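A.B. asks: The structure's right below; bear with me while I get my questions together.
The values are calculated or read from the model by the stated rules, or taken from the named source; none is laboratory data. Note that the structure is a prediction, hence the values are computed from the model and not measured. When we count neighbours, we look across all protein chains shown, and the Cβ atoms used for this are built from the backbone with ideal geometry, even at glycine. The protein model used for the area step is the full one, side chains on, heavy atoms only, and it has no ligands, DNA or RNA in it. Shrake-Rupley method; radii C 1.70, N 1.55, O 1.52, S 1.80 Å.
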Amino acid sequence: MRLFVSEGAPGTLPVLAAAGRAQGRAQLLISTVGPEECVVPFLTRPKIPVLQLDSGNYLFSTNAICRYFFLLSGSEQDDLTNQWLEWEATELQPALSAALYYLVVQGKKGEDVLGPIRRALTHIDHSLSRRSCPFLAGETESVADIVLWGALYPLLQDPAYLPEELGALHSWFQTLSSQEPCQRAAETVLKKQGILALRPYLQKQLQPSFLEGRAVSNEPEEEELATLSEEEIAMAVTAWEKGLGNLPPLRPKQKPVLPVAGERNVLITSALPYVNNVPHLGNIIGCVLSADVFARYSRLRQWNTLYLCGTDEYGTATETKAMEEGLTPQEICDKYHAIHADIYRWFNISFDIFGRTTTSQQTEITQDIFQRLWNRGFVLQDTVEQLRCERCSRFLADRFVEGVCPFCGYEEARGDQCDKCGKLINAIELKKPQCKVCRSCPVVRSSRHLFLDLPKLEDRLEEWLGKTLPGSDWTPNARFIIRSWLRDGLKPRCITRDLKWGTPVPLEGFEDKVFYVWFDATFGYISITANYTDQWERWWKNPEQVNLYQFMAKDNVPFHGLVFPCSALGAEDNYTLVSHLIATEYLNYEDGKFSKSRGVGVFGDMAQDTGIPADIWRFYLLYIRPEGQDSAFSWTDMLLKNNSELLNNLGNFVNRAGMFVSKFFGGYVPEMVLTSDDQRLLAHVTLELQHYHQLLEKVRIRDALRSILTISRYGNQYIQVNEPWKRIKGNEADRQRAGTVTGLAVNIAALLSTMLQPYMPTVSSTIATQLQLPPQACGILPTDFLCILPAGHQIGTISPLFQKLENDQIENLRQRFGGGQLEESLALKAKVSPKPAVVETAGPQQIQVLMDEVTKQGNIVRELKAQKADKNQVAAEVAKLLDLKKQLALAEGKPLETPKGKKKK
């Protein structure tokens, strides 16, 4: 058996104590690994401790491992023991995690630490007292005692957190702590540092959101907020009062962006998309959009940031596409590079450079790395049997061959895979093979090729991974994939192809070959940087000063986490290697997969033709970003998220906050006199802002988006409770209160504008313009909630941020993208779609006047509903609103919508 533990991990304590009980019953090897090491091959997230049994199976919960060791020692578990184990996992652990985090990470003391855990400690004490037994399940020690003792020991070793009035608990704890297996376990884990030994581990964990007596939910509940300490409130108020003065000066923009010694230099790459096709939504969220969020966030933190991408243009796929369209490979590359660039420009992707791999720099850098590998003995030669077309006088790459599948008999199987049965195929295994160019039957011939000697580089790779992975933000799936490859043993990998379109191989006897696209494509990041600046080595040969973040879908992990590092390590030229490998799972479309050939799914160029703004696409894709497991795009869910989260939550709050300033205070932020409740709100917003930072620093992009929506909910609830529209009509104290609420609310809106910038840059800019935010506030995101808009600040014109998505509109889009449109997106570029109705459009000034009227009338309706005014009065104002919307639709040239009445029951 092999037990995997991690230094400073609390779960290690009870496991080692239980292992001590089973000593001599079985051979046990104990290995120490990093807390984020993927030991269990089938888990998507790291889990420590882990017990690997002799059978090859795994136990990976603390309780299950302890149970196993007790069974080995001959101890059976009764129902009461199992009940205690269940209670420990469901009730004790959440409370204890919060207490340890508050104590070790946040430095809190006293009741702030004891508060979350006091109820659980009292329960243990009462149970021990009531049964009059020395142990939890009876007269003898059970696995429940060891599990609870190990969980509690880091906290209760300090007498300050073991209340004197809990005598039975005190006696039980001292009895167990004096036993030799428990003492050895404590010494091993805490290493005479006490509870501080847990700090490195706990600092990497997310802040627990423990709320006593509250069920866990994925959606935030507005009516309950986390408990705050007086210190947290005081710190939030102090930061708020410093305002803009608490922000550092804006970093001047560099061109080119270059690393600076002593600063945080962040190099971000997005996996290079193949040039021969149009990216779909899954490609966009998996690579460029996820990387864009982190790049924008990095710039908001004033980190020295370079974000690059480009099209991957060499290889078989390009030659095949060129043949299909009757163009040269270069013409295909030029055509599709422009299509990719247009799509990413529409999605507002903030590349510092979007390049391509068909450049002289790519050839020079690739050949240099190859020569260094060749000179150091890391390249092998071998003979491979391939199909050769005598009529075309060339060896055929896999995709240039078709034939009958040897497994299922499908007659149009490709030379690499059968589309019908899905099995991988070696081209020479095909029955009745045909050359796709001339349709003649190829013959089997031998061809000499070059192989990267990965087994010879394996030790270097292992050493590098050992230094890189601990403390890094490699996603769990990336760690698992690399470990799986290493567990199976690395094999030499072919790096040449019998093609014409590619980087030439600079070796005698191989002049008719090019490098395999996946050998030289990852060098594309370097060559694209070299096209951007002749000082590219300051980024790519500077591992001591540069943090490299690489974004991709999980299928690209082996090439970025294994082939590229092996090539760079073997070249021995001090290349910068990936520090943080961020891999997503797959995004599916509704109930299936994206398919351009079948017209299923939304592709990048099609999104522009839906009438839905780019920022809405960005928001929804990031909301469902496949972190940890596959996710699916759903039209219905997109409608719900737009209408609930954006329109009713975020948009409603920002609009109301701005409109109150305009309507009640003439467009100037009023004086604010904060009450204790206001100060508590400052602290809650600050904590959520810090949680947002914590998540994005860990590249938890989807989860950080929830923090923005949570702060918006805080704002909506604050306005709703304080009712400034009523107080403004009251006495002097009420009017002052209305001013404070309005001023604080519009400052929350200003904070949301900056927090939104990585996710919805256009909406962020719109809010900034409407609120007239100072440039410093738009370019820097602080870690505290500051008063950015002081009293007397003048805001601009307020207008709605979002539009409602209607069921009919979404249903039409679902049908349109459900199959059958094929190459519709390209056809749409060649002709203009007819409009459903022909109407005359008004001028921009008239449209703006109507938009302002709709906004004004919408606010009147909302306020009347909030005040629960007379139904007839509300109905009359709603009728006015609908009429204004009708006028606006006609002015904009939009088709009129059929009013939807309420269904009768």
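A.B. asks: Applying the Karplus parametrisation 6.51 cos²θ - 1.76 cosθ + 1.60 with θ = phi - 60° to the phi angles of region 77-93, what ³J(HN,Hα) value in whole Hz is obtained for each residue in order, glycine and proline being reported as x?
C.D. replies: 10, 9, 5, 5, 4, 5, 5, 4, 5, 5, 5, 4, 6, 8, 10, 6, 4
A.B. asks: Using a cut-off of 18 Å between alpha-carbon atoms, which aspartates and glutamates can reach Lys432, once sequence neighbours fewer than 8 places away in the same chain are excluded?
C.D. replies: Once the sequence-local aspartates and glutamates are set aside, what remains near Lys432 is Glu385, Glu390, Asp398, Glu402, Glu411, Glu412, Asp416, Asp419.
A.B. asks: What is the dipole size for the chain, taken about its Cα centre, with +1 at each Lys and Arg Cβ and -1 at each Asp and Glu Cβ, in debye to the nearest 20?
C.D. replies: Dipole size: approximately 1720 debye.
A.B. asks: Using a Förster radius of 35 Å, what is the FRET efficiency between Val878 and Ile353 based on their Cβ-Cβ separation? Nearest 0.05, please.
C.D. replies: Efficiency at R0 = 35 Å is approximately 0.10.
A.B. asks: For the pair Thr783/Ser484, report the inter-label distance in nm, with labels modelled 7 Å from Cα in the Cβ direction.
C.D. replies: Between Thr783 and Ser484, the simple spin-label model gives 3.8 nm.
A.B. asks: While we're looking at this one, here's another question. Please report the orientation-averaged projected area of region 398-488, defined via the convex hull of its C-alpha atoms, in nm².
C.D. replies: Result: 8.8 nm².
A.B. asks: Give me a comma-separated list of calculated 3J(HN,Hα) values for region 478-486, in order, Karplus coefficients 6.51, -1.76, 1.60 applied at θ = phi - 60°, integers in Hz, x for any Gly or Pro.
C.D. replies: Result, ordered by residue: 5, 4, 5, 4, 5, 5, 5, 4, 5 Hz.
A.B. asks: Where does region 243-387 land on Rg(C-alpha)/(2.2 N^0.38 Å)?
C.D. replies: Rounded to two decimals, the normalised Rg is 1.35.
A.B. asks: Follow-up question, since we're still on this one. For the chain, which whole percent of the accessible surface, found with a 1.4 angstrom probe, sits on carbon and sulfur atoms?
C.D. replies: About 49 percent, which is the carbon plus sulfur part of the accessible surface.
A.B. asks: Would you give the gap between the C-alpha center of region 644-675 and the C-alpha center of region 351-384, rounded to a whole Å?
C.D. replies: Rounded to whole Å, the Cα centres lie 57 Å apart.
A.B. asks: Pop out the ³J(HN,Hα) list for region 458-473 in order, Karplus 6.51 cos²θ - 1.76 cosθ + 1.60 with θ = phi - 60°, rounded to Hz; leave Gly and Pro as x.
C.D. replies: My calculation for region 458-473 gives 4, 4, 4, 5, 4, 5, 5, 4, x, 8, 8, 5, x, x, 8, 10 Hz in order.
A.B. asks: Something else: Scan around Ile353 for amide H atoms under 5 Å from its own, H built in the peptide plane at 1.01 Å from N, and keep only partners 5 or more places away or cross-chain.
C.D. replies: Amide H neighbours of Ile353, under 5 Å, 5+ apart: Tyr307, Cys309.
A.B. asks: Can you flag which of Lys804/Lys885; Lys47/Lys698; Lys321/Lys500; Lys321/Lys593 are past 20 Å Cα-Cα?
C.D. replies: Lys321/Lys593
A.B. asks: Then there is this: Quick one: if you take sqrt(5λ) for each eigenvalue of the C-alpha gyration tensor of region 735-794, what semi-axes come out, biggest first, whole angstrom?
C.D. replies: In descending order the semi-axes read 21, 12, 10 Å.
A.B. asks: Using 20 Å as the cut-off for backbone N distance, which residues of region 740-781 belong to the label zone defined by a point 7 Å from the Cα of Met235 along Cα→Cβ?
C.D. replies: 781
A.B. asks: Solvent-accessible area of Cys778, probe 1.4 Å, all protein chains present, reported in Å² to the nearest ten, please.
C.D. replies: It works out to around 40 Å².
A.B. asks: Further question on the same structure: How much solvent-accessible surface does Asp883 expose, in Å² to the nearest 10, with a 1.4 Å probe and all protein chains in place?
C.D. replies: 70 Å²
A.B. asks: What distance in nm lies between label points placed 7 Å from Cα along the C-beta direction at Asp342 and Gln772?
C.D. replies: Distance between the two pseudo-spin positions: 4.0 nm.
A.B. asks: Taking amide H positions as placed in the peptide plane 1.01 Å from N, state which residues far from Gly667 in sequence (5 or more) or on other chains have amide H under 5 Å from it.
C.D. replies: Hits under the 5 Å cutoff: Ser662.
A.B. asks: Using a Förster distance of 60 angstrom, determine the FRET efficiency expected from the C-beta separation of Gln330 and Gln174, and round it to 0.05.
C.D. replies: Efficiency at R0 = 60 Å is approximately 0.15.
A.B. asks: Then there is this: Taking amide hydrogens as modeled 1.01 Å from N in the peptide plane, which residues meet the under 5 Å criterion relative to Tyr274, leaving out close sequence neighbours?
C.D. replies: Asp312
A.B. asks: What full-extension length gain, to one decimal in nm, is calculated for Trp374 and Asp573 as 0.36 nm per residue of separation minus the Cα-Cα distance?
C.D. replies: Extra length from Trp374 to Asp573 when fully extended: 70.3 nm.
A.B. asks: Want the number for Asp419 to Glu458: 0.36 nm per residue separation, take away the alpha-carbon distance, what's left?
C.D. replies: 10.6 nm
A.B. asks: From zero up to wherever the largest Cα-Cα distance of the chain sits, split into 20 Å bins and tell me the percent of pairs in each.
C.D. replies: Final binned percentages: 12, 37, 35, 15, 1.
A.B. asks: Stretched out fully, how many nm does the piece from Glu732 to Leu250 gain, at 0.36 nm a residue minus the Cα gap?
C.D. replies: Answer, rounded to one decimal: 169.5 nm.
A.B. asks: Quick check on the chain: helices-only [θ] at 222 nm, where DSSP H runs of length 4 and up contribute -39,500 (n - 2.57) each and the sum goes over total residues. Nearest 500, please.
C.D. replies: Roughly -14000 deg cm²/dmol at 222 nm, from the helical runs in the chain.
A.B. asks: Counting alpha carbon pairs within less than 8 Å and at least 6 residues apart, what relative contact order, in whole percent, applies to region 619-727?
C.D. replies: With pairs under 8 Å counted, the relative contact order is 34 percent.
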